[in-house]
Amino acid sequence: MKPATNSIVRNPGSAKDAAELTRQSNKWRDGYNSMRDLTIARVVFWIEAAQRGDFAELQRTLQKVERRYPVLRALIARHQAAMQKLDWEILIVSKKDKGVTPEMEQAQRRFLRSRYELIGNLTEALGFLQMAMFRGFSFLQKHFFKDGPNKGAVRELHWLPQWNFVRDGMFGDWFWNANASSGVSAEKLGEKNRIGGPNFPASDFLIRQVSTPLYEIALVAFVNWLMARKDWAGFVEIFGLPSAVVIMPPNIPTGQEDDYRDAAARVAESVNGALPHGSDVKFPGEYVRLNFPFKEFCDVMDKDVVLAGTGGLLTMLSMPQGAGNGAAKTHGDAFDSLMEGAASEINEIFNKQFDDVELDAAFPGQPHVAYFRLAPANRENLTAYVENLARLHAAGYRMADKQVEEKTGYPLTRSPLPTPPPAPPALQNRRAPLPLKSPAPELKSNGPELSPEELNQIRNRYFPRRKKK
């Protein structure tokens, strides 16, 4: 079925059709700049509209702000880089239902791994899901292979613009707004545009929602920051170059007033030249140039955005660290914890909205034992872990195979112990040692046993003791 011109109806072989339709329907917005006459009042109006489910103006403006606000742009790059550098793996659940065999586990793991390896833009998709931290939500649509051996498998997770979505209130269903029109309600879009309806099956999407997005803080901070920068530019234009006021000397000769005035004008305009004796020069703007609040005000706006987006100020603001790197480490730990929480949330999204769909289709009726996981940022080094295993084995300890597979992500099979190598030729030619002789039998006397007194007599007779001198 060919997709309609005003929707993104599922089409396994459509590839970029949805993106092309989106660009066409939003082409009129390319020449529209919502940044003109941007004020706090307009931002508050858009935030209130977003709470009712109307995101068109808010999201389009936010996209332009992300390009123009340096701190927000750097923050987004940091978030996406932290998410995209994580590795992924397919693991087996530790608690399994009865009847699950090792063959079922390995079959599901191999299948799920092959499905993820077919996705051509998995790294890009992870970065876009992280954008929900800033924009409030992210939609990825599954595009499928049309034919060939991978027919029906997901080939791409295509991101959809946030300004093309409408929600039925704060917690209702989502609807596709093809023309990105402002003020369009969910009721007007109807069932044919509802995500989860017959035209847009929920299984075709990966959706991430964040209840406390950054845009409310970032938009207000940007307007204030922009206002301060504009005033700062005007201030520099007026007071950037020092302006001078020349005080003429007393008793100017009659008829030379114009010459004195011209000399004073040249000095006042260029702060260069000669003045007659008794003149004075004052700089009334000197104190103002050294005391202005614009930088401090802009810094406060930047700190608000960074603090909300990282859980700490980090070092991206080049703040003083004090003795050592304690502050930087604390802020870095806060950011790592924030990203680990986001990775765990994205893991659940893939497990429920991708893994379950694929496993249900490939293994109907079987319990799901394989799952996708993003490796945490502070995971133990795999090489060090394997070396520790070898040391434990040499010391006589052994870890369970399942536990090692869970930690490394590798399916393990035991191989037979290697045959010891043959002895060197020099040792092979040595003569075998002679067998030990059996111990001599114990000798017994057939005569009568001697008494202790008789033994002493015999010893003194044959082994006399030497007399001391």
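Quick note: the coordinates plus some simple rules give every number you see, no bench work behind them. As the structure is a computational prediction, the values presented were derived from the model and not from experiment. No Cβ is skipped: glycine too gets one built from the backbone with ideal geometry, and neighbour counts run over all protein chains shown.
When Lys and Arg each count +1 and Asp and Glu each count -1, what net charge do the other residues less than 12 Å away from Gln130, Cβ to Cβ, add up to? All intermediate terms of the calculation are to be shown ahead of the outcome.
Values: positive: Arg78, Lys85, Arg135, Arg208; negative: Glu124, Glu345.
Within the 12 Å Cβ shell, the charges total +2.
Suppose R0 equals 30 Å; then what is the FRET efficiency for Arg113 and Ala390 from their Cβ-Cβ distance, rounded to the nearest 0.05? Mind showing how you got there, number by number?
Working: r = 26 Å, r/R0 = 0.88.
Computed FRET efficiency for Arg113 and Ala390 comes out at 0.70.
Exposure proxy shown here: for Met83, Met248, the number of other Cβ atoms within 10 Å sets the order, fewest to most, as Met248, Met83. Of the residues His79, His143, the one with the fewest other Cβ atoms within 10 Å heads the list, and the complete ranking is His79, His143.
Annotation: aspartates and glutamates with alpha-carbon distance below 12 angstrom to Lys295 (same-chain offsets under eight excluded): Asp231.
Please state the shape class of region 124-217: rounded when a/c is under 1.5, otherwise prolate if a/b exceeds b/c and oblate if not, all from the C-alpha gyration tensor.
Numbers: a/c = 2.42, a/b = 1.33, b/c = 1.82.
Judged from the Cα gyration tensor, region 124-217 comes out oblate (a/c at least 1.5, b/c at or above a/b).
Across region 274-279, computed HN-Hα scalar couplings (Karplus, 6.51 cos²θ - 1.76 cosθ + 1.60, θ = phi - 60°) run 10, 10, x, 4, x, 7 Hz from first to last residue, x flagging Gly and Pro.
The alpha-carbon of Lys85 sits under 15 angstrom from the alpha-carbons of these aspartates and glutamates, leaving out residues fewer than 8 places away in its chain: Glu124, Asp336, Glu340. Computed packing ranks the peptides 176-184, 102-110 as 176-184, 102-110, most packed first, by mean other Cβ atoms within 10 Å. In this structure, the pairs whose alpha-carbon distance is over 24 Å, taken from Lys230/Lys303; Lys64/Lys188; Lys64/Lys192, are Lys64/Lys188; Lys64/Lys192.
Taking a ≥ b ≥ c as the square roots of the eigenvalues of the Cα gyration tensor of region 94-153, is the shape rounded (a/c under 1.5), prolate (a/b larger than b/c) or oblate?
Oblate is the answer for region 94-153, as a/c is 1.5 or above yet b/c matches or exceeds a/b.
Mean separation of Cα pairs under 8 Å and 6 or more residues apart, divided by the residue count, gives region 165-205 a relative contact order of 31 percent.
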